[in-house]
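Values in this text are rule-based calculations from the coordinates and carry no lab data. No experiment lies behind these values; they were computed from the predicted model shown. Cβ coordinates were reconstructed from backbone atoms using ideal geometry, including for glycine residues, and neighbour counts include every protein chain displayed.
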Ligand code: HEM
Ligand code: HEM
Ligand SMILES: [Fe+2]
């Protein structure tokens with residue numbers, strides 16, 4: 001860390017972790033409601049716990065991305081952030097607006113919330129992940145504009161590296177791709193188009209560029225490998241992402257009333273979507289092998305290497321298993337999809353966020369790296385979270401397979417509720433693994449409160465100089 005203004009990243013990272021904890025608590029509530037449908041009813045119905053869980057996910061990831069931008073852009077541009085005060089004010093606006101929205105979900109019936117916030121004037125509410133009331137959606141756009149103004153101005157006045165241009169460009173893409181959230185026509189086919197432009201456009205397009213930029217930054221810093229090499233890899237990975245991901249959106253258009261050619265386009269292009277994820281793994285491992293120095297922050301290195309691997313498993317492998325049209329025909333919207341969604345979101349975007357937090361937080365707190373004991377907590381958190389998430393994905397996959405075979409195939413398919421009853425064992429396993437996940441997250445959080453060993457920082461500094 002070389003610039004004082006990078007410190008504004010800190011509140012973003014702290015808030016991201018707090019909201020992550022909230023996400024997991026509501027995930028556990030939603031998960032328990034799968035095994036006991038009356039749990040917390042009517043105070044927190046499943047529709048609400050699910051919505052709070054997924055919305056907190058999006059909010060904490062955006063917090064982490066913004067923190068990462070405020071940390072990385074000045075460092076890469078070799079200049080102070082254009083306006084640290086604006087960045088800090090934006091943080092509070094986003095946090096308060098996010099908290100009020102979550103409280104409104106919990107305290108006000110959704111239809112009343114829609115009526116009170118002008119949804120009749122411009123309908124945007126009700127679609128998964130995009131449930132936010134109109135004022136919150138407008139707020140998200142304003143917060144994004146403030147971030148973009150701030151980091152673009154920083155970029156203009158400073159050094160323009162490829163990595164920085166890609167990161168700032170991808171954040172512009174993130175904001176632009178949110179705009180279809182305001183397009184919610186009555187025609188359900190057109191509404192689906194708009195919805196997927198946001199959801200798929202983000203996770204299988206634009207956010208992959210953010211993922212590459214964050215990983216590229218961490219790896220340059222930690223390994224000391226020349227940035228020319230990193231940039232070459234990033235260009236190829238980004239090209240593959242866009243080639244496969246843009247038309248690959250067709251894997252959501254198969255049976256929704258869209259033209260039939262999407263069956264072929266969607267299947268073929270989405271089938272090559274795993275390639276950029278494989279390339280990210282090769283890239284990270286090569287960087288590790290070429291490293292010019294041993295970085296004392298082993299925990300951040302573990303996160304940086306784990307990210308592309310789990311991202312590939314969740315997005316590349318679990319995504320590919322359900323992406324071909326004939327498979328979607330039976331698997332669509334089952335818990336197999338949730339297995340994929342969990343492992344992919346966690347592996348790609350949660351893990352890269354934790355990687356940048358593990359890398360940046362010690363620096364933001366004035367240390368070279370966390371002490372040995374703190375890193376041990378961080379790394380235990382890594383393993384417990386990764387293993388628990390794999391277990392969640394396997395349990396949900398089991399449930400999804402039962403749905404496909406028992407409820408959707410054969411001459412005497414089971415009813416929906418009978419199928420759910422057959423899947424109870426998987427829902428229990430998911431909940432158990434979820435408790436494990438919470439334990440892993442708590443271990444990660446504990447690491448922030450473990451004091452450094454006496455003399456450790458000075459010893460590391462001496463070794464590095
Ligand atoms: C990090 C990247 C990715 C993330 C975070 C992600 C996340 C998700 C999520 C959350 C859903 C469920 C959406 C819903 O609520 O209906 C979904 C659906 C889907 N994803 Fe991904 N995904 C990623 C990459 C991929 C890739 C690379 C593929 C293909 C190789 C893929 C194939 C699919 C398919 C076919 C569906 C639709 C499943 C259905 O409707 O049943 N995804 N994804
Ligand atoms: C304690 C761990 C967790 C539990 C018990 C849990 C539980 C759940 C439940 C019950 C749902 C609703 C599924 C449905 O509507 O059928 C859900 C949805 C979702 N969760 Fe989690 N979750 C956990 C952790 C996570 C994590 C760490 C992430 C991402 C980093 C995540 C991302 C999502 C997403 C994207 C959805 C929407 C999936 C879809 O629509 O297919 N969850 N979760
Ligand atoms: Fe997709």
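What the table shows:
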item: Label-point separation in nm, residue 282 to residue 149, each point 7 Å along Cα→Cβ; result: 4.4
item: 353, 284 arranged by Cβ crowding within 10 Å, fewest neighbours leading; result: 284, 353
item: Segment residue 2-residue 36, length gained on full extension (0.36 nm per residue, minus Cα span); result: 7.0 nm
item: Helical mean residue ellipticity (222 nm; -39500 (n - 2.57) per DSSP H run of 4+; nearest 500) of the chain; result: -23500 deg cm²/dmol
item: Computed E for residue 449/residue 261 - FRET, C-beta separation, R0 41 angstrom, nearest 0.05; result: 0.15
item: Cβ crowding within 10 Å averaged over residues, with 129-138, 418-427 ranked highest first; result: 129-138, 418-427
item: Peptides ranked, highest mean first, by Cβ atoms within 10 Å: ranges 265-275, 407-417; result: 265-275, 407-417
item: Efficiency of FRET from Cβ geometry, residue 243 and residue 292, R₀ 41 Å, rounded to 0.05; result: 0.80
item: Cα centroid of the stretch 148-163 to Cα centroid of the stretch 239-314, whole Å; result: 26
item: Sequence-separation-based contact order of the chain, relative, with Cα cut under 8 Å and 6+ spacing, percent; result: 14
item: Label-point separation in nm, residue 408 to residue 228, each point 7 Å along Cα→Cβ; result: 5.1
item: For the stretch 355-417 versus the stretch 318-347, the gap between their alpha-carbon centres in whole angstrom; result: 15
